[in-house]
Structure formats: C-alpha cells, structure tokens
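Worksheet: the structure to be examined is printed underneath.
The values are calculated or read from the model by the stated rules, or taken from the named source; none is laboratory data. Predicted model only: the values in this text are computed from it and were never measured. Cβ: placed from backbone, ideal geometry, glycine included. Neighbour counts: every protein chain shown.
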Amino acid sequence: GENVEQHPSTLSVQEGDSAVIKCTYSDSASNYFPWYKQELGKRPQLIIDIRSNVGEKKDQRIAVTLNKTAKHFSLHITETQPEDSAVYFCAASGGGGADGLTFGKGTHLIIQP
Amino acid sequence: DAGITQSPRHKVTETGTPVTLRCHQTENHRYMYWYRQDPGHGLRLIHYSYGVKDTDKGEVSDGYSVSRSKTEDFLLTLESATSSQTSVYFCATSGGVDEKLFFGSGTQLSVL
C-alpha cells in the first residue's frame, strides 16, 4: 500500500518568514495530494490540494508543488502569521482505490512572534 | 463544512466493555471512513465504506468492526475496549474516489 513520509515533525519560524513542509510518497499510481491543517482540538481541514497532472498550485499565501518523477510534494507558506500555527498533514490517494487517503505523520508549525 | 456529525463527542469507558461510535452525514456522500489519531502516528485508517453494506478493513482494523445500513450512517464498534484504543476517532466522508475528504469533529475516547 501507499506510504507517506513527512518532514520535519516540528518547524519553528519567525512571523513573516516562509515555511516549507515536505512529503514523499511510494505509490506511483497516486494522483491526488491534499494538505490539511489541524488546530488544537479541532478537526483536520483541507487547505489546498493538487492532482498529478499539475506541477504547482497557489492560493494566496499558500502553494503546493508536486514532482511526480521524484514522488515528492511540498507545502509552502509565505509571510507567516500567528494564525498559521497548527499541525499540517500531507496525504496521498492511492490511485483510484476506495480506501481513501494515506496521511503523513504531521508537522507542528510554530510561528514565533 | 460538510454536514458530518459524530456522537458522542467524549466518552470514558472501562476495559472489556463494548463501545459504539456514530457518524451521521447529510452530504449524501458514497464513501465514509473511520480514522484514529494518536500522537506521533498521524491519522490511521481503521475501516471504510464504499456504499450501503459495503465495507472493508483499513490499516489498523483489529478490535474494530463497522456497519453501514444507510447512506448517511456509519457505525464503529469496539467489540471489547482496551486501553490501547484510547484515541481520538474521526469520521470522514467523500463524494468520490480521489476526491476531497471532509472530517467530522471527532470523538475523544478514553478506555480505563
């Protein structure tokens, strides 16, 4: 089955700086790669996603890049703000199976004032 | 947010007792999932359903069973709860394969 590795497990950046979280996946048939943000005590919420026929996608201060050849994808957050502090999860969908997403173990992003 | 309701929101139970968690959705989504979330492990799939009465095992299914008698309801049962099943349980739904996954608010389960 699919295996998703996520790094780093904790990332601390100064407010206003950029943050980058990286993930790799194992199943070359995977074609859907979402990112979720989870605030303390809340549900994971989708913030951006990308499909395998696209190399990059942006939404305001966040962007995701995908390198299918290397089987890795990354989340980029620019001009970080205190409300960006949360745990971020990457995930991959196993190429058409009904078993949903395989998640990375999460990155705790801390925005230092 | 998608209309996904989990009940109960919190539960404390004793080792060896059966526990049932309920997920109810109003989105008419075909696919429903149960995940557990533990520190250091992220979200791990327990069971999933791809239609009424159609279910299958996920990565960590031992000690759990599920049932889906209606499109809108997906039940997770811990047949005999153990302390290792103390966790936060999330239900999720999706309208299609490789489509957006929406999560419920979660159930905090403590097995003493």
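Of the residues making up the range A:20-46, those that are more than 18 Å from A:GLY1 (Cα to Cα) and in a loop (DSSP other than H, G, I, E, B) are A:GLU39, A:LEU40, A:GLY41, A:LYS42, A:ARG43, A:PRO44.
Annotation note: of A:ASP99, A:ASP49, the sole residue that is of a type in the set (Asp, Glu), outside any loop (DSSP other than H, G, I, E, B) and within 12 Å of another protein chain (Cβ to nearest Cβ) is A:ASP49. The set of residues from the range B:60-112 being over 13 Å from the mean Cα position of the chain (by Cα) and at the interface with another protein chain (Cβ under 10 Å from one of its Cβ atoms) comprises B:SER94, B:GLY96, B:VAL97, B:ASP98, B:GLU99, B:LYS100, B:LEU101. Looking only at residues in the range A:1-42 that are under 18 Å from A:GLN81 (Cβ atoms) and of a type in the set (Gly, Ala, Ser), which one is surrounded by the most Cβ atoms within 10 Å (Cβ to Cβ)? Checking each candidate, the answer is A:ALA19. Scanning the range B:69-106 for residues that are in contact with a Leu (Cβ under 7 Å, 6 or more places away or on another chain), over 11 Å from B:TRP34 (Cα atoms) and assigned to a strand (DSSP E or B) yields a count of 3. Among the residues of the range B:20-34, is there at least one that is polar (S, T, N, Q), over 15 Å from the mean Cα position of the chain (by Cα) and either at pLDDT below 95 or under 29 Å from A:ARG51 (Cα atoms) (or both)? Yes, the range B:20-34 contains at least one residue that is polar (S, T, N, Q), over 15 Å from the mean Cα position of the chain (by Cα) and either at pLDDT below 95 or under 29 Å from A:ARG51 (Cα atoms) (or both). Every test in (1) part of a loop (DSSP other than H, G, I, E, B); (2) in contact with a His (Cβ under 8 Å, 6 or more places away or on another chain); (3) more than 11 Å from chain B (Cβ to nearest Cβ) is passed by A:LYS105 save one, and that test is (3).
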